[in-house]
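The next block holds one structure in the form of structure tokens; read it before the comments.
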Amino acid sequence: RGRPQQTIMTTEHIRNFCIIAHIDHGKSTLADRFLELTRTVEPRQMRAQLLDAMDLERERGITIKLTPVRMEYAPGSRESGVGGRGADRGDAKAASPTPNTQHPTPNTLNLVDTPGHVDFSYEVSRSLTAVEGAILLVDATQGIQAQTLANLELARAAQLVIIPVVNKIDVPGADVEGTHRELAALLGVPETDVLRVSAKTGAGVPELLDALIHRIPPPRDSSAEPFRGLIFDSIFEAYRGVIVYVRVVSGTLAKQASITFAGSGADATALEVGTLRPQPVPQEVLTAGEIGYVATGVRESTRARVGDTLLRKADRGTVTPVPGYQKPQPNVYVGIYPDSNTSFPELREALERLQLSDASLTAEPEQSPALGQGYRCGFLGLLHVDIVRERLRREFSAETTLTVPSVAYTVALRGRVGAAPNVRVIRSAADFPDPSAIVEIREPWVEVRIVARTVDVGAVYQLLSQRGGSPPHTENLGSHHLALVSELPLREVIADFHDTLKAVTSGYGSFSTRPLGDRPVDLLKVTMLVNHEPVEALSLLVPAAAAEAEGRRVVEKLKNVIPRHLFTIPLQAAVGGKILARETVP
């Protein structure tokens, strides 16, 4: 952290933008080049994936959290073509820009680095509301992918200026020309508007920075209006409490000002305000159009929520808050339980803190007869589940047990004669009501958009048919790729759909999803009996057509897991009083 700075500027020289792309298309590497060219980070402090601060991000090579950073840059303030990693060429000065006195006016560039995996799309949607433009990055070796299209739709909905960029032009065998044409056709722009870069070597990156300044409009000058700050992310520190990341929509906010959260009504003091470069740099004032942080001192994490509006305390009730974010709809529900019942308070606190930095995570207390007190948590996908479990272990030393992932079913139950049915939401077999009282059960469906090579279309058709998908319709994305759009039950997508798609397309296929609402399903509860006693923790909710196969699969697994005893142990899968499958532990 540096000393406090006071920057007087107009919004005319501010540019707010983000980078959106499919996973592994080079977003973090391009951000590294930006940091080098703008001299935001000293060469001796530079490292690959600098903005990916979490160990998990660096280990897995993916971006999990959005990360804002502020840079200063003047168009033309470098020699054309300079900008690769100095370490790659053995020259520590290779990445340093060369000043040009013909362009003395610096511009403030606020970059928000975003994830690329579909499970973290809520991070992307929040980033888009804080900026005026987006770089749409496409890997020349892979072409347009599913998340490219999904992120493009989000950017268009946010009415952002989109700069199309083809990356990895230095890789041998990359289809640069074909990807260039496909990207121009996708956006409906002249091919001359599509830029080409190599984020690894730095080729074309200075020209991209110049294009950012010329194409992306500055924020609206609203410094004379009352202060409003949109909270798009937050973290917790032991000494300074909740620290919120804000986009200043209007007005100014000075250090030590009295502030309030419009949604929760909590009052606080702006203990410190500043920008991220990428480390926190305190300032005296945050002004309209800037992206920065505010240390609030708030200790209760529930009072500072993402999507809320930060206001001056004196303006409460007189200033309209900024429209917040639509709550994400979880796709997968998993029970999380502490390894010991005495650790439940620590798990509760850990989940509350984690929800500050992961707004798409939901958690509701629940009780299991087998596992004790825990939480029924909602996630956007299975990778999201894996990341949260690992963060709980690493950041909060919380060892947990997870239940089988499931989706949420809506059940209509018979009420009194002449009354409308009662509606309940069930997320596990333990919640399943008496079958005789059920009028209808509905399950969530999603639209699945798969991007694959033309040679893999037959395998993708077969996969969709096996999963009960509707006949897909296709969209041409160029001479080598197609998008196939089908409708599937969400339960068929959350388990192993991603791995199976990668297998049948030799790793080239990708997909994104969009919720379609609920549709009727014939659902049964398969009860697992161990030594003739029902074990609710092992029971399943499955479609009627798959009940016998699922029951047989589970009892066969249990036979291999349960150790031998001095007596035989029957394992049974039953629906009501009917036994569907049986195995015996000898």
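The values are calculated or read from the model by the stated rules, or taken from the named source; none is laboratory data. Everything numeric here is computed off the predicted structure, so don't read it as measured data. With ideal geometry, Cβ positions are generated from the backbone for all residues, glycine too; neighbour counts draw on all protein chains shown. To get the accessible areas, we keep the full protein, side chains included, count just its heavy atoms, and leave off ligands, DNA and RNA. Shrake-Rupley method; radii C 1.70, N 1.55, O 1.52, S 1.80 Å.
Here are a few things to note about the model shown:
- Residues that are in contact with a Gly (Cβ under 9 Å, 6 or more places away or on another chain) and either open to solvent by 40 Å² or more (accessible area, probe 1.4 Å) or over 25 Å from Arg353 (Cβ atoms) (or both) within segment 263-273 comprise Gly263, Thr269, Leu271, listed in sequence order.
- Within segment 212-232, one or more residues are of a type in the set (A, V, I, L, M), assigned to a loop (DSSP other than H, G, I, E, B) and open to solvent by less than 50 Å² (accessible area, probe 1.4 Å).
- Residue check for Val542: under 30 Å from Leu501 (Cβ atoms) and assigned to a strand (DSSP E or B): yes
- Residue ranges of strands (runs of 3 or more DSSP E) in segment 349-465 with at least 1 members farther than 19 Å from Ser512 by Cα, modelled with pLDDT under 90 and open to solvent by 40 Å² or more (accessible area, probe 1.4 Å): 362-368, 372-379, 400-402, 422-426, 438-453
- Residue-level check: of (1) outside any strand (DSSP E or B); (2) under 23 Å from the mean Cα position of the chain (by Cα); (3) among the basic types (Lys, Arg), Arg247 misses just (1).
- Test: Leu477 is open to solvent by less than 60 Å² (accessible area, probe 1.4 Å) and either closer than 15 Å to Asn331 by Cα or at pLDDT 85 or above (or both): no
- Residues that are assigned to a loop (DSSP other than H, G, I, E, B) and touching a helix residue (DSSP H, G or I) at 6+ places or on another chain (Cβ under 8 Å), drawn from segment 165-177: Ile169
- Criterion applied to Glu59, Glu12 was being more than 22 Å from the chain's Cα centre (by Cα), among the acidic types (Asp, Glu), assigned to a helix (DSSP H, G or I) and surrounded by fewer than 24 Cβ atoms within 10 Å (Cβ to Cβ), and the one residue passing it is Glu12.
- Pairs where the first residue, in segment 18-29, is free of Cβ contacts under 8 Å to residues at least 12 places away in the same chain and the second is open to solvent by less than 10 Å² (accessible area, probe 1.4 Å) and not hydroxyl-bearing (Ser, Thr, Tyr), C-beta under 6 Å, 6+ apart: none
- Yes/no for Val460 being free of Cβ contacts under 8 Å to residues at least 60 places away in the same chain and among the hydrophobic types (A, V, I, L, M, F, W, C): yes
- Of note, Ser198 satisfies the criterion of being surrounded by 23 or more Cβ atoms within 10 Å (Cβ to Cβ), within 26 Å of the chain's Cα centre (by Cα) and either modelled with pLDDT of 90 or more or on the phi > 0 side of the Ramachandran plot (or both).
- Matching entry among Arg491, Arg442, Arg453, Arg449 (being touching a residue at least 40 places away in the same chain (Cβ under 8 Å) and out of contact with any Asp or Glu (no Cβ under 9 Å at 6 or more places or on another chain)): Arg453
- Subset of segment 128-164 (residues that are open to solvent by less than 10 Å² (accessible area, probe 1.4 Å), in a loop (DSSP other than H, G, I, E, B) and under 20 Å from His498 (Cβ atoms)): Gly143, Ile144, Gln145
- Only a single criterion out of (1) surrounded by fewer than 18 Cβ atoms within 10 Å (Cβ to Cβ); (2) under 19 Å from Arg449 (Cβ atoms) is not satisfied by Val530, namely (2).
- Considering residues of segment 299-341 that are under 27 Å from the mean Cα position of the chain (by Cα) and small (Gly, Ala, Ser) only, the residue modelled with the highest pLDDT: Gly335
- The listed residue being open to solvent by 40 Å² or more (accessible area, probe 1.4 Å) and either part of a helix (DSSP H, G or I) or modelled with pLDDT of 90 or more (or both), out of Arg582, Arg514: Arg582
- Each residue in segment 466-491 was checked for being in contact with a strand residue (DSSP E or B) (Cβ under 9 Å, 6 or more places away or on another chain) and not in a strand (DSSP E or B), and 10 of them qualify.
- Taking each residue of segment 115-126 that is among the small types (Gly, Ala, Ser) and looking for partners that are open to solvent by 10 Å² or more (accessible area, probe 1.4 Å) with beta-carbon atoms closer than 6 Å, six or more apart or interchain, yields Gly116/His22; Gly116/Ile23; Ser125/Leu154.
- All positions within segment 534-574 that are more than 38 Å from the chain's Cα centre (by Cα) and crowded, with 18+ Cβ neighbours inside 10 Å: Leu571, Gln572, Ala574
- Pro345 being surrounded by fewer than 17 Cβ atoms within 10 Å (Cβ to Cβ) and part of a helix (DSSP H, G or I): yes
- If you check Asp24, Asp32, Asp88 for being more than 30 Å from Arg391 (Cβ to Cβ) and either at pLDDT 75 or above or part of a helix (DSSP H, G or I) (or both), only one passes: Asp88.
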